[in-house]
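Down below is the structure, laid out as structure tokens.
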Amino acid sequence: MTEARFITLEGIEGAGKTTVADRLTQALRARGLTVHATREPGGTKVAEGIRSLVLNRGEEHISATAETLLMFGARQIHIDNLIRPSLTRGEWVLCDRFTDATHAYQGGGRGVDRSLIERLANAVHGDLQPDVTLLLDVPVRVGLERMQARRGAVDRFEIESSQFFERVRNRYLELAQAQPQRFRVIDASVRLDEVCSAAIAAVEEALQLPPGRA
Ligand code: Z5A
């Protein structure tokens, strides 16, 4: 049996994570693997409740520190109830965003102190790190154009400026440069089909899986 693996997907708005997550999940399941596709903030009933609180634009001010604590609160619940039990059973977990998103959005975007995020990460999942993280990298202008074309309700992050998303993207690239053994950076500015194929190939290479048909 193939050992359980924890894969995370990261990127700014409009990078195509949702579509890539679906295609990658299908490709892994086609190999006979049990794969849980999940997301953060969220993934369980209570964590999805926190997601609504933190993403919806309400009347009350949510400071950058409060936002950081809410992300880690949701993450702890997600890990305890879904991620860790799945991995313990030998099942794979594919998570759309994880702690790198807190470094990029709350750290890079909002200016939260890196050491606070590191301390929280250590407390919540010091012994649990993704086996591989795909960073779908796209220029901010391209990502924002895609999101504008999609329309729909706008959340607390989608109202942010392009400068905010530049800081987020830069922090992601810094993280990837610092941990090349875990990160694979995928050019997400090309056609979505090509992005999906590159993501699948990157996971096969990083986890040393024989090339599949999907
Ligand atoms: N957040 C945080 O601040 N801190 C944390 O610790 C965590 C999260 C965990 C919700 O995340 C917010 O939470 C997020 C950061 C914050 N806010 N922001 N920004 P989310 O992942 O649920 O939300 P999202 O970033 O808005 O993801 P999304 O809606 O899934 O967008 P996407 O990843 O880009 O996926 P998509 O739906 O596949 O693509 C978006 C559109 O672009 C869609 O119309 C596609 O057809 C189009 N697209 C994508 N790729 C292409 C290509 N290659 N060509 C053409 N068109 C494309």
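Every read-out reported here was derived from the displayed coordinates using simple, explicitly stated rules and does not represent laboratory data. Everything quoted here is computed from the prediction, not taken from an experiment. Because the Cβ atoms are built from the backbone with ideal geometry, glycine has one as well, and the counts that use them run over all protein chains shown.
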- Message: Residue under question is Glu145, and the condition is that it be within 12 Å of the ligand (Cβ to nearest atom) and assigned to a helix (DSSP H, G or I); does it hold?
- Response: yes
- Kindly indicate which of Ala15, Ala4 is of a type in the set (A, V, I, L, M, F, W, C), touching a Gly at 6+ places or on another chain (Cβ under 7 Å) and under 22 Å from Ala176 (Cα atoms). Ala15
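Considering only segment 197-209, I want to know if a residue exists there that is under 24 Å from Asn56 (Cβ atoms) and within 17 Å of the chain's Cα centre (by Cα).
no
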- Task: From (1) surrounded by 14 or more Cβ atoms within 10 Å (Cβ to Cβ); (2) more than 23 Å from Thr19 (Cβ to Cβ), pick out the condition that doesn't hold for Ser86.
- Result: (2)
- Message: I'm checking my understanding of the structure. Among residues of segment 117-131 that are under 23 Å from Ser63 (Cα atoms) and within 13 Å of the ligand (Cβ to nearest atom), which one is surrounded by the most Cβ atoms within 10 Å (Cβ to Cβ)?
- Response: Leu120
- Task: Go through segment 165-182 and count every residue that is aromatic (Phe, Trp, Tyr) and more than 12 Å from His103 (Cα to Cα).
- Result: 1
- Query: Can Glu158 be described as in contact with a helix residue (DSSP H, G or I) (Cβ under 7 Å, 6 or more places away or on another chain), surrounded by fewer than 19 Cβ atoms within 10 Å (Cβ to Cβ) and assigned to a loop (DSSP other than H, G, I, E, B)?
  - Reply: yes
- Would you list the helices (runs of 4 or more DSSP H) that sit entirely within segment 1-81 and hold 1 or more residues that are away from the ligand (no atom under 13 Å from the Cβ) and free of Cβ contacts under 8 Å to residues at least 24 places away in the same chain? 17-29, 45-55
- Item | Subset tally (residues that are more than 16 Å from Val132 (Cβ to Cβ), of a type outside the set (Val, Ile, Thr) and surrounded by fewer than 19 Cβ atoms within 10 Å (Cβ to Cβ)) for segment 24-47 | 5
- Message: Can you find, within segment 82-100, the residue that is farthest from the ligand (Cβ to nearest atom) among those that are under 22 Å from Arg156 (Cα atoms) and not in a helix (DSSP H, G or I)?
- Response: Cys95
- Message: It is to be established whether one or more residues within segment 85-107 are under 25 Å from Glu13 (Cβ atoms) and without any contact (Cβ under 8 Å) to a residue 24 or more places away in the chain.
- Response: no
- Here the residues within segment 47-91 that are among the β-branched types (Val, Ile, Thr) and under 27 Å from Ser115 (Cα atoms) are Ile50, Val54, Ile62, Thr65, Thr68, Ile77, Ile79, Ile83
- Kindly provide the set of residues from segment 165-199 that are within 9 Å of the ligand (Cβ to nearest atom) and either touching a His at 6+ places or on another chain (Cβ under 8 Å) or more than 18 Å from Ala21 (Cα to Cα) (or both), ordered by number. Phe165, Val168
- Identify all residues within segment 193-214 that are assigned to a helix (DSSP H, G or I) and among the hydrophobic types (A, V, I, L, M, F, W, C); write none if there are none. Val195, Cys196, Ala198, Ala199, Ile200, Ala201, Ala202, Val203, Ala206
